[in-house]
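Derivation of every value follows stated rules applied to the coordinates shown; laboratory data play no part. Source: prediction; values computed, not measured. Glycine gets a Cβ as well: all are built from the backbone with ideal geometry, and neighbour counts include every protein chain shown.
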Amino acid sequence: MEKMGFLGPPGTHSEAAALYLNGVLPEPAELTAYPEIFAALQAVADHKADSCLVPVENSLEGSINITLDTLARSDELIVRRELIWRVHNQLMAKCPVDAVRLIYSHAQPLAQCRGYLKAHFPQARLIAAASTARAAALVAASDPAEGCAAICTARAGELYGLTAVATEIQDSSENCTRFYQVGRRPALPLPQGDTGRALIICQIDGSRAGSLCEVLQEFASRHVNMTRIESRPARTELGAYLFFFDLEINGGPRCKLTESIAAVQRRSIWLRHLGEFPVLIAKQK
């Protein structure tokens with residue numbers, strides 16, 4: 001049985017997404033929690049896990065930089081699947097809602113609930129934790145008189161004996177997180193006729209005017225739809241950037257996609273193709 005990692009401990013949004021994905025995979029994997037996103041990715045690179053499910057982007061707060069940076073620095077990691085997961089944030093505590101003075105959570109949910117917290121808990125102190133489940137554990141270990149609460153999943157609250165004092169507190173009902181199931185090379189192409197995405201990462205010569213425009217034109221001239229572009233520092237010198245491109249695979253012939261990637265590679269200092277993969281939208285209750 002394969003081993004798939006996720007950001008733990010049990011009770012995180014990542015665990016919920018991993019449990020869902022495991023239920024729809026052709027062959028379920030053994031799920032293993034890791035304390036950090038980087039640790040889960042590194043376990044795959046070190047052959048201690050076969051894959052991991054890690055967040056890459058939230059619809060409210062944007063990209064998860066550690067995921068992008070680790071993928072960019074690895075010669076071995078590739079993307080097997082993408083899962084789009086609708087995020088539900090609950091406020092869990094051992095005290096009444098009007099006694100809440102400290103609120104723990106991961107930095108992402110704290111940001112995803114910023115508007116709600118400002119409106120309902122303007123005086124509360126917000127404290128970032130390693131994960132939403134860790135936040136629940138901290139609240140569970142606290143004295144109710146301290147007025148601690150956690151933004152976490154309902155499952156985390158149940159695991160740690162907390163009670164929901166407010167539900168569905170995310171600022172948008174369309175709050176979704178994109179997850180990548182990351183594995184190791186070789187990257188297998190999608191079967192012909194299937195739809196999905198391809199991910200490439202490249203570094204171009206940013207000192208030359210028009211270099212990014214020329215890269216984008218390679219996609220546009222071949223009618224390859226780019227669904228996302230992201231830049232990250234190359235970490236080599238000030239002003240050097242890497243570019244991440246999500247490219248649509250629409251089920252038609254792949255020749256234009258292949259041609260455009262080859263053309264971009266010729267215009268790049270280096271280019272890495274992280275695979276073609278299906279996009280799954282979780283069917284949640």
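See the values below:
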quantity: Antiparallel content of DSSP bridges confined to the chain, in %, to 5; calculated: 70
quantity: Cα gyration tensor category, rounded, prolate or oblate, for region 1-41 with a/c compared to 1.5; calculated: oblate
quantity: Karplus-derived 3J(HN,Hα), 6.51/-1.76/1.60, for each residue of region 229-241, Hz, glycine and proline x; calculated: 10, 9, 10, 9, x, 6, 6, 10, 7, 4, x, 9, 10
quantity: Mean separation of Cα contacts under 8 Å (6+ apart) over length of region 14-87, as relative contact order %; calculated: 27
quantity: Furthest towards positive pole of dipole, 85, 64, 53, structure part region 46-101, Cβ charges; calculated: 85
quantity: Residues whose placed amide H lies under 5 Å from that of residue 274, excluding near-sequence neighbours; calculated: 199, 200, 201
quantity: Assigned charges on the beta-carbon of Lys, Arg, Asp, Glu; the chain dipole about Cα centre (debye); calculated: 220
quantity: Separation in nanometres of the label points that stand 7 Å from Cα toward Cβ, at residue 47 and residue 98; calculated: 6.2
quantity: Residues 78, 281, 84, sorted so that the one with the fewest Cβ neighbours within 10 Å comes first; calculated: 281, 84, 78
quantity: Residue order, fewest to most surrounding Cβ atoms within 10 angstrom, among 202, 113; calculated: 202, 113
quantity: Residue 217-residue 250 pseudo-label distance in nm [points 7 Å out on the Cα-to-Cβ vector]; calculated: 2.2
quantity: Net +/- balance of residues flanking residue 93 in space, Cβ distance below 15 Å, scoring K and R +1, D and E -1; calculated: -1
quantity: Mean ellipticity per residue at 222 nm, deg cm²/dmol - from DSSP H runs of n ≥ 4 across the chain, formula -39500 (n - 2.57); calculated: -8000 deg cm²/dmol
